[in-house]
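The values are calculated or read from the model by the stated rules, or taken from the named source; none is laboratory data. Since the model is a prediction, treat every value here as computed from it, not as a measurement. All Cβ positions, even for glycine, are placed from backbone atoms using ideal geometry, and neighbour counts span all protein chains on display. Remember, those area values only see protein heavy atoms, side chains included, never the ligands or the DNA or RNA. Shrake-Rupley method; radii C 1.70, N 1.55, O 1.52, S 1.80 Å.
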Amino acid sequence: MTQILFRNISMKGLHTMKVYEEQGGYQSLKKAFDQKPEEILEAVKASGLRGRGGAGFPTGLKWSFLAKDVFPRYLCCNADESEPGTCKDRELLLKNPHLLIEGMILCSYACRIETGYVYMRGEFQDLSFIMDKAIEEAHAKGYLGKNIMGTGFDLEIHTHLGAGAYICGEETALFNSIEGFRGEPRNKPPFPTTHGLFGEPTAINNVETLVNVLPIVLDGGGAYAALGTERSPGTRLFCVSGRVMQPGTYEHEFGITLGGVIEAAGGMVAGSQLRTVLLGGAAGSFVGPDLLDLPLTLEATREAGLSLGSGVVMVFGHDDDIVDTVRRIAEFFRDESCGQCVPCRVGTVRQEEVLVRLGRGGSFPDERDLLDDLGSVMRDASICGLGQTASGAVRSAIDLGL
């Protein structure tokens, strides 16, 4: 099993500056400062690194879209991580916060950014203390602040706790939250690369994406691209839960099969038979046992009409109540809709009402057309990804006959 992001993840004291540096911490940063910002950006492009938040957009290309010669610029690390079943970013923040700080410095240096924010959901108060302590340590060592390591480069990183709203995982709703406004998505265009936080050019990536920059800078974009597959290079963190022997977060190279991920988690619990897997989280899709040989890459899942999303692999057995599970997913989207647009505000409520009726013995044939219509309207007319994906798990469960 290839371990890059999770190397030494369980080592005692890894969250401290002392142990992190003993394990090679901040070596990527020192190497980066021997290069020009443009060289770092080109290395990230050459690596083929794609965002780990779900969309899979090329990271280097995204950074290159920042408005030219417009300052100030900002970096936002999206550590909201409120997708049900997702815990990978939390694991990194809890056990290896300096890994994220170093990744943020590398991104900021490459993009000429002087202010960064780590946005965490409100329930992550314990992690905010850990991050604040790590930021203090980085300041004390001269890795943050003014004239970092004598390079003339300045950077300040701040933590920001939201109020626990799922919608603030959407990048523009996250900006509104930091600015003190209601967490609602903005219409695009304009895009964050020109009009982001405080109306300025902003780079925004999640935790897993940013920490992947370290091995790219240290070993080169070509070495990173050699991992995984040609179109999905590198490794991916998978959050495996449900009817497996050893639930947890696992790091695998892109290309491992769905069945391989389940086997790496110890396989199915004794006496349980695989019925379905929820792939990608609540905004993802249910898949059947016939897809156990599906390579978990961006291209293979896309061709199958699926998404890796936030890396969730939630395993269900034949004894699990899938109807109730789907109803609770619909309830989650109903509660987490910000209410800004009608398709999502009304559609998520009506979708959950249908599933409640079905759970009470309603006739599915009578409700099928309504569910299909609700799903189509939310997918096509909602402002942001919450409404656009709110019916995905429901529709996939119906298609599988669960």
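Of all residues in the stretch 343-363, how many are open to solvent by 70 Å² or more (accessible area, probe 1.4 Å) and touching a residue at least 12 places away in the same chain (Cβ under 8 Å)? Summing the residues that are open to solvent by 70 Å² or more (accessible area, probe 1.4 Å) and touching a residue at least 12 places away in the same chain (Cβ under 8 Å) in the stretch 343-363 gives 1.
Filtering the stretch 83-90 for residues that are surrounded by 24 or more Cβ atoms within 10 Å (Cβ to Cβ), within 20 Å of Ser28 (Cα to Cα) and touching a residue at least 60 places away in the same chain (Cβ under 8 Å) leaves an empty set. Scanning the stretch 166-177 finds no residues that are in contact (Cβ under 8 Å) with a residue 40 or more places away in the chain, assigned to a loop (DSSP other than H, G, I, E, B) and open to solvent by less than 30 Å² (accessible area, probe 1.4 Å). Each residue in the stretch 307-325 was checked for being out of contact with any Gly (no Cβ under 7 Å at 6 or more places or on another chain) and either farther than 23 Å from Glu208 by Cβ or open to solvent by 10 Å² or more (accessible area, probe 1.4 Å) (or both), and 7 of them qualify. Right, Ser307: modelled with pLDDT under 95, under 20 Å from the mean Cα position of the chain (by Cα) and hydroxyl-bearing (Ser, Thr, Tyr) or not? So Ser307 fits the description; yes.
Considering Ala270, Ala282, Ala265, the condition of being without any contact (Cβ under 8 Å) to a residue 60 or more places away in the chain and either closer than 21 Å to Gly51 by Cβ or open to solvent by 10 Å² or more (accessible area, probe 1.4 Å) (or both) is satisfied by Ala270 alone.
When you check Arg275 against the structure, is it open to solvent by 40 Å² or more (accessible area, probe 1.4 Å), touching a His at 6+ places or on another chain (Cβ under 7 Å) and outside any loop (DSSP other than H, G, I, E, B), yes or no?
Values: open to solvent by 40 Å² or more (accessible area, probe 1.4 Å): yes; touching a His at 6+ places or on another chain (Cβ under 7 Å): yes; outside any loop (DSSP other than H, G, I, E, B): yes.
Yes: the conditions hold for Arg275.
Scanning the stretch 121-141 for residues that are modelled with pLDDT under 95 and either assigned to a loop (DSSP other than H, G, I, E, B) or open to solvent by 70 Å² or more (accessible area, probe 1.4 Å) (or both) turns up Arg121, Gly122, Glu123, Phe124, Gln125.
Quick one: in the stretch 326-339, which of the residues that are closer than 12 Å to Leu355 by Cβ and touching a residue at least 40 places away in the same chain (Cβ under 8 Å) is most open to solvent (accessible area, probe 1.4 Å)?
Per the criteria, the residue is Phe332.
Cβ-Cβ contacts under 7 Å between residues 6 or more apart (or on different chains), taken from a first residue in the stretch 25-43 that is closer than 23 Å to Ile9 by Cα to a second residue that is of a type in the set (Phe, Trp, Tyr) and surrounded by 21 or more Cβ atoms within 10 Å (Cβ to Cβ), are listed as Tyr26/Tyr143; Leu29/Tyr143.
Is at least one residue of the stretch 334-350 closer than 30 Å to Leu294 by Cα, in a helix (DSSP H, G or I) and not basic (Lys, Arg)? Checked the stretch 334-350: no residue is closer than 30 Å to Leu294 by Cα, in a helix (DSSP H, G or I) and not basic (Lys, Arg).
For the stretch 142-165, which positions are part of a loop (DSSP other than H, G, I, E, B) and either free of Cβ contacts under 8 Å to residues at least 12 places away in the same chain or basic (Lys, Arg) (or both)?
Our first condition is that a residue be part of a loop (DSSP other than H, G, I, E, B); within the stretch 142-165, this holds for 142-144, 146-147, 151-154, 162-165.
Result: Gly142, Lys146, Asn147, Gly152.
Scanning the stretch 306-318 for residues that are in a loop (DSSP other than H, G, I, E, B) and either in contact with a helix residue (DSSP H, G or I) (Cβ under 7 Å, 6 or more places away or on another chain) or within 16 Å of Met245 (Cβ to Cβ) (or both) returns Ser307, Leu308, Gly311.
For Lys146, the conditions (1) open to solvent by 40 Å² or more (accessible area, probe 1.4 Å); (2) charged (D, E, K, R); (3) touching a Pro at 6+ places or on another chain (Cβ under 9 Å) all hold with the exception of (3).
Among the helices (runs of 4 or more DSSP H) lying completely within the stretch 194-244, list those that include at least 1 residues that are open to solvent by 10 Å² or more (accessible area, probe 1.4 Å) and in contact (Cβ under 8 Å) with a residue 24 or more places away in the chain.
On the way: elements: 207-211, 213-219, 221-225.
Fully inside the stretch 194-244 and qualifying: 213-219, 221-225.
The residues on offer are Glu114, Glu136, Glu123, Glu102, and the sole one that is without any contact (Cβ under 8 Å) to a residue 24 or more places away in the chain and among the charged types (D, E, K, R) is Glu136.
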